[in-house]
Each structure stands twice: as structure tokens, then as C-alpha cells.
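Novice: Dumping the structure here so I can ask a few things about it.
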Amino acid sequence: MDAKTCLQKLQYVGVLAFATVDEYGNPQIRNISAIHYEPDAMYFFTARGKNFCKELLADGRVQILGYTKYKEMIRLSAKAEPVEEEKQEHWINTIFDEQPYLLNVYPDDTRKLAGIVFRITDGEIEYFNLGVNPIFRGNYTIGGGNISFKGYQIMDACVGCGNCVQNCPQHCIKEGKPYKIEQEHCLHCGNCHKVCPVKAVERIG
């Protein structure tokens, strides 16, 4: 798995959930399908008059979520920026050519007056597959994105009691000094943290 493949999978999903925060700090989410994909970037269309556009222009941070029929969760955390004004028409036309249904929503030249295209080139992708055993997760970046590590790790205070191993749903903890969590198979459920008698399991992030 890699970032390019994750973007391709999001393209197959089609309709994605876009989450932002409004001016009052309230979470907002909506489904967007007017999207164009490049190997390492994403372009999407919305209307300038929508609150969605207002929130993106004010802050830019967005999380995008897709879920495939194979039980794969793909989340892109990024900052969206409006495309340069002189390139807006090109990207609007590109998205409308790929999504003909949009002509029913914004016929003729109304799309140029109403619409704006945002671009994402830098971001972090979290991939989580519940359809395999053991489960698999991975973190990838596009452009200048950074990975924010999450989950749990076992520190040197580990006494090797094995409580964590016995209570791990995915059996992804291996013996050692200290014991080690296979991060790519970890659910982040926190069982190991709860049952450790010497508090040797620490949360990451």
C-alpha cells in the first residue's frame, strides 16, 4: 500500500465525506463527489456561496474520509487551498467533463460564476483495513505532508508478564525486552494499556 494507491481507492469510492470546523468551532461534514484526482494531488469543486467554501477559505484544514466495500477506511488530513484564479476555469471544466451530472446542477456558464476549485497537494493519509486478518494499517504522505503517529508503545519498564499478549485482539504483541507492538496490525483499542501492571504501555499522540 502507498499514497498513490490510497488516492486511487478514494477515486473508486466516488462520494467522500469532507469534514471542516465552522466559525463557532462546530464540526461540519458533507458529501462531495465533484473531485478530480492526480497521482499526488486532489482537486474538488464547490460553490463560492456555500458555508463549506467559507470554512475552507477561513482555515483550509479538512479531513476527507472514504470507506470501500472491502472494509478499508482511508482518511486524508490536509490543507486545501483555492486554485489560482487564472486556472479556475481549466479545473472547473476538467471536473465537469469527468462528472457530467454536474451540468444538471450548474448548467451553461453558471458553474463559472458560482464555482471554485480547491487543491490539496500536501497531506497525511491513514489507511485502515478491517477486511484482513490480522487487520492492517499504514500511514503515508502526499507532497510535504507529515505523519502523526498514534496508538501505543511498550517502554523499557516492561516486566514481561504477558498480560498484554493475552488481551490483544489481533495478537500483534511479540515477546522481547521490552515486548513490542506490531504497529501495522494494532487496533489502537488500548487493552494492553489497561492490563499492564507496571504502566509500561504508553499512548502515542
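The values are calculated or read from the model by the stated rules, or taken from the named source; none is laboratory data. These figures come from a predicted structure and were not determined experimentally. Neighbour counts run over all protein chains shown; Cβ positions are idealised from the backbone, glycine included.
Novice: Does the range 146-156 include one or more residues that are surrounded by fewer than 13 Cβ atoms within 10 Å (Cβ to Cβ), closer than 29 Å to Thr5 by Cα and at pLDDT 95 or above?
Specialist: Scanning the range 146-156 turns up no residue that is surrounded by fewer than 13 Cβ atoms within 10 Å (Cβ to Cβ), closer than 29 Å to Thr5 by Cα and at pLDDT 95 or above.
Novice: Restricting attention to the range 166-202, report how many residues are touching a strand residue (DSSP E or B) at 6+ places or on another chain (Cβ under 9 Å) and at pLDDT below 95.
Specialist: Qualifying residue count, the range 166-202: 1.
Novice: Restricting the search to the range 136-161, which residues are in contact with a Gly (Cβ under 9 Å, 6 or more places away or on another chain) and not in a loop (DSSP other than H, G, I, E, B)?
Specialist: Once the filter is applied, which keeps residues that are in contact with a Gly (Cβ under 9 Å, 6 or more places away or on another chain) and not in a loop (DSSP other than H, G, I, E, B), the range 136-161 yields Arg137, Thr141, Ile142, Gly151, Tyr152, Ile154.
Novice: Let me ask something else. So Cys164 passes all but one of these: (1) assigned to a helix (DSSP H, G or I); (2) touching a Cys at 6+ places or on another chain (Cβ under 8 Å); (3) within 26 Å of Thr20 (Cβ to Cβ). Which condition number does it fail?
Specialist: Tallying (1) assigned to a helix (DSSP H, G or I); (2) touching a Cys at 6+ places or on another chain (Cβ under 8 Å); (3) within 26 Å of Thr20 (Cβ to Cβ), Cys164 fails exactly one: (3).
Novice: Could you list, in sequence order, all residues of the range 89-104 that are touching a helix residue (DSSP H, G or I) at 6+ places or on another chain (Cβ under 8 Å) and surrounded by 14 or more Cβ atoms within 10 Å (Cβ to Cβ)? Please lay out each step first, then the result.
Specialist: Initially, the range 89-104 is screened for residues touching a helix residue (DSSP H, G or I) at 6+ places or on another chain (Cβ under 8 Å), giving 89, 92, 95-96, 102-103.
Those that are touching a helix residue (DSSP H, G or I) at 6+ places or on another chain (Cβ under 8 Å) and surrounded by 14 or more Cβ atoms within 10 Å (Cβ to Cβ): Glu89, Ile92, Ile95, Phe96, Leu102.
Novice: Please enumerate the residues belonging to the range 52-63 that are surrounded by 14 or more Cβ atoms within 10 Å (Cβ to Cβ) and either in contact with a Gly (Cβ under 6 Å, 6 or more places away or on another chain) or assigned to a helix (DSSP H, G or I) (or both).
Specialist: Within the range 52-63, the subset surrounded by 14 or more Cβ atoms within 10 Å (Cβ to Cβ) is 52-57, 59-63.
Listed by number, the residues that qualify are Phe52, Cys53, Lys54, Glu55, Leu56, Leu57.
Novice: Restricting to the range 181-197, name every residue that is touching a Cys at 6+ places or on another chain (Cβ under 9 Å) and farther than 12 Å from Ile135 by Cα.
Specialist: From the range 181-197, those touching a Cys at 6+ places or on another chain (Cβ under 9 Å) are 181-187, 189, 191-193, 195-197; that's our starting set.
If the condition is that a residue be touching a Cys at 6+ places or on another chain (Cβ under 9 Å) and farther than 12 Å from Ile135 by Cα, then Ile181, Cys189, Asn191, Cys192, His193, Val195, Cys196, Pro197 are the ones that fit.
Novice: What's the total number of residues in the range 131-156 that are in contact with a Lys or Arg (Cβ under 7 Å, 6 or more places away or on another chain) and either free of Cβ contacts under 8 Å to residues at least 60 places away in the same chain or on the phi > 0 side of the Ramachandran plot (or both)?
Specialist: Of the residues in the range 131-156, 2 are in contact with a Lys or Arg (Cβ under 7 Å, 6 or more places away or on another chain) and either free of Cβ contacts under 8 Å to residues at least 60 places away in the same chain or on the phi > 0 side of the Ramachandran plot (or both).
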